[in-house]
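The structure appears below as structure tokens.
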Amino acid sequence: MKVLGYAAQNPTTPLAPFSFDRREPRPDDVTIEVLYCGVCHSDLHQARNDWGFSTYPLVPGHEIVGRVTAIGDSVTKFKPGDLAAIGCMVDSCRTCSPCKDGLEQYCEEGNTQTYNGQDRHDHQTTYGGYSQTILASQDFVLRIPDGLDLKGAAPLLCAGITTWSPLRHWKIDANSKVAVIGLGGLGHMGLKLAHALGAEVTLFTRSPGKEADARRLGASHVVLSTDAEQMNAVKNQFDLIIDTVPYTHDVNAYMPTLTLDGTLVFVGLLGDLPEVNTIPLLINRRSVAGSAIGGIAETQEMLDFCAEKGIAADVEVIRIQDINEAYERLLKSDVKYRFVIDMASLNAYG
């Protein structure tokens, strides 16, 4: 099946129109017309091979919302015309312990990434949502509940689930105090979701000008992390700190703000863990952890929760033709808080 999309041909050239072949649908496949696709910072990293494992040509996009156009003979969960979504993965081994527990993101054989991955059956490279259509097994396709804004729903498939999963794992509720480090695509969803779960929410930021926005998004408190007095005032407070910062940074200043048995969890940093002073960990049994996206069941749970609570990402809708400019703005953190591509714009190229 011939499909038009946008691809990076190498790490240094701009994304450009690219025609490619999608694999033939299998009996359990759902074929989706892509309506909206979020722009994740990892799209930029992979397009430019910042992590060293990109395969070209590379069609990014793993925050995908669309409409079902066809289903395989064995599909029971969807029908043509349904609204549906695909996130960061399209398959896994399905038989290891994490997969059986609904945690396919931790598949012991490695899950199949929506793009820049390798199909488990035909071993072909996977292509993402910067394209007209996409297909995946029904077991890795999400249902879009009624009432959820489609544009604002797209970033939930990565930014939303990446912050929802640790909130659920650490059992955050109305008795919890949660802090979020960083106010970007992930951080703004962390504030919204923690607040909606009833937690008392604080934003840690290095930028004094973010207080009004943080409070609008659900934060009750804003702490300037460069201000020693403010940091000292929040010692021993937080049950969970979600660190959304995507680059190596010093976390030692945050450790004393955790409660007894509190946890700081990385959701944005791919790379070396900065040196951590263990004294604050030992004296209050604190933990440092990591968390990756979320399983299919908890992603569906998160989408249903967002529909019930009226939660969506704050987005700026762009045309696919403006993707390279959007990448440059991403590098400057010049978006509040997620770009979403209106994929109807791709039809300008036929």
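The values are calculated or read from the model by the stated rules, or taken from the named source; none is laboratory data. All of these numbers come straight from a predicted model, not from anything done at the bench. Ideal geometry is used to build each Cβ from the backbone, glycine not excepted, and the neighbour counts take in all protein chains shown. When the accessible area is computed, the model is the full protein with side chains, heavy atoms only, and any ligands, DNA or RNA have been set aside. Shrake-Rupley method; radii C 1.70, N 1.55, O 1.52, S 1.80 Å.
When you look at Leu148, is it assigned to a helix (DSSP H, G or I), among the hydrophobic types (A, V, I, L, M, F, W, C), more than 20 Å from Gly52 (Cα to Cα) and touching a helix residue (DSSP H, G or I) at 6+ places or on another chain (Cβ under 9 Å), yes or no?
no
Run down Glu109, Glu104 and say which single residue is among the acidic types (Asp, Glu) and under 20 Å from Glu301 (Cβ atoms).
From the options Glu109, Glu104, the qualifying one is Glu104.
Going through Leu191, Leu197, Leu183 one at a time, which residue ends up being free of Cβ contacts under 8 Å to residues at least 60 places away in the same chain, of a type outside the set (Ser, Thr, Tyr), crowded, with 18+ Cβ neighbours inside 10 Å and under 17 Å from Lys336 (Cβ atoms)?
After ruling out the rest, the residue left standing is Leu191.
Closer than 19 Å to Gly268 by Cα and not aromatic (Phe, Trp, Tyr): which single residue out of Ala228, Ala196, Ala214, Ala219 fits that description?
Ala214
Kindly provide the set of residues from the range 82-121 that are more than 24 Å from Asn49 (Cα to Cα), open to solvent by 40 Å² or more (accessible area, probe 1.4 Å) and more than 20 Å from the chain's Cα centre (by Cα), ordered by number.
Answer for the range 82-121, where residues must be more than 24 Å from Asn49 (Cα to Cα), open to solvent by 40 Å² or more (accessible area, probe 1.4 Å) and more than 20 Å from the chain's Cα centre (by Cα): Arg94, Thr95, Ser97, Lys100, Asp101, Glu108, His121.
So Leu264 fits all but one of (1) assigned by the TED database to the domain that holds Met231; (2) among the hydrophobic types (A, V, I, L, M, F, W, C); (3) at pLDDT below 95; what number is the exception?
(3)
Name every residue in the range 311-350 that is among the polar types (S, T, N, Q) and open to solvent by less than 70 Å² (accessible area, probe 1.4 Å), in order of residue number. So that I can check it myself, show each step before the final result.
Taking the range 311-350 as the starting set, the residues that turn out to be among the polar types (S, T, N, Q) are 321, 324, 333, 345, 347.
Across the range 311-350, the qualifying residues are Gln321, Asn324, Ser345.
Evaluate the following for Pro11: is it in contact (Cβ under 8 Å) with a residue 12 or more places away in the chain, under 22 Å from Asp122 (Cβ atoms) and part of a loop (DSSP other than H, G, I, E, B)?
no
What are the residues in the range 261-280 that are crowded, with 16+ Cβ neighbours inside 10 Å and more than 30 Å from Phe53 (Cβ to Cβ), if any?
Gly262, Pro280 - these are the residues of the range 261-280 that are crowded, with 16+ Cβ neighbours inside 10 Å and more than 30 Å from Phe53 (Cβ to Cβ).
Could you run through the range 202-223 and say how many residues are in contact (Cβ under 8 Å) with a residue 12 or more places away in the chain, under 28 Å from Ala307 (Cβ atoms) and either assigned to a helix (DSSP H, G or I) or touching a Lys or Arg at 6+ places or on another chain (Cβ under 8 Å) (or both)?
The total comes to 7.
What's the total number of residues in the range 224-251 that are open to solvent by less than 50 Å² (accessible area, probe 1.4 Å), of a type outside the set (A, V, I, L, M, F, W, C) and in a strand (DSSP E or B)?
Residues in the range 224-251 being open to solvent by less than 50 Å² (accessible area, probe 1.4 Å), of a type outside the set (A, V, I, L, M, F, W, C) and in a strand (DSSP E or B): 1 in total.
Please report, ordered by residue number, the strands (runs of 3 or more DSSP E) entirely within the range 252-350 with at least 1 residues that are touching a helix residue (DSSP H, G or I) at 6+ places or on another chain (Cβ under 6 Å) and not polar (S, T, N, Q).
258-266, 315-319, 338-342
Find all pairs meeting these conditions: Cβ atoms under 8 angstrom apart; at least six residues apart or on different chains; first residue within the range 114-126 and farther than 16 Å from Arg26 by Cβ; second residue open to solvent by 50 Å² or more (accessible area, probe 1.4 Å) and of a type in the set (A, V, I, L, M, F, W, C).
Sorted first by the residue in the range 114-126, then by its partner, the pairs are Asn116/Phe53.
Out of the range 27-77, which residues are of a type in the set (Phe, Trp, Tyr) and touching a helix residue (DSSP H, G or I) at 6+ places or on another chain (Cβ under 7 Å)?
Tyr36, Trp51
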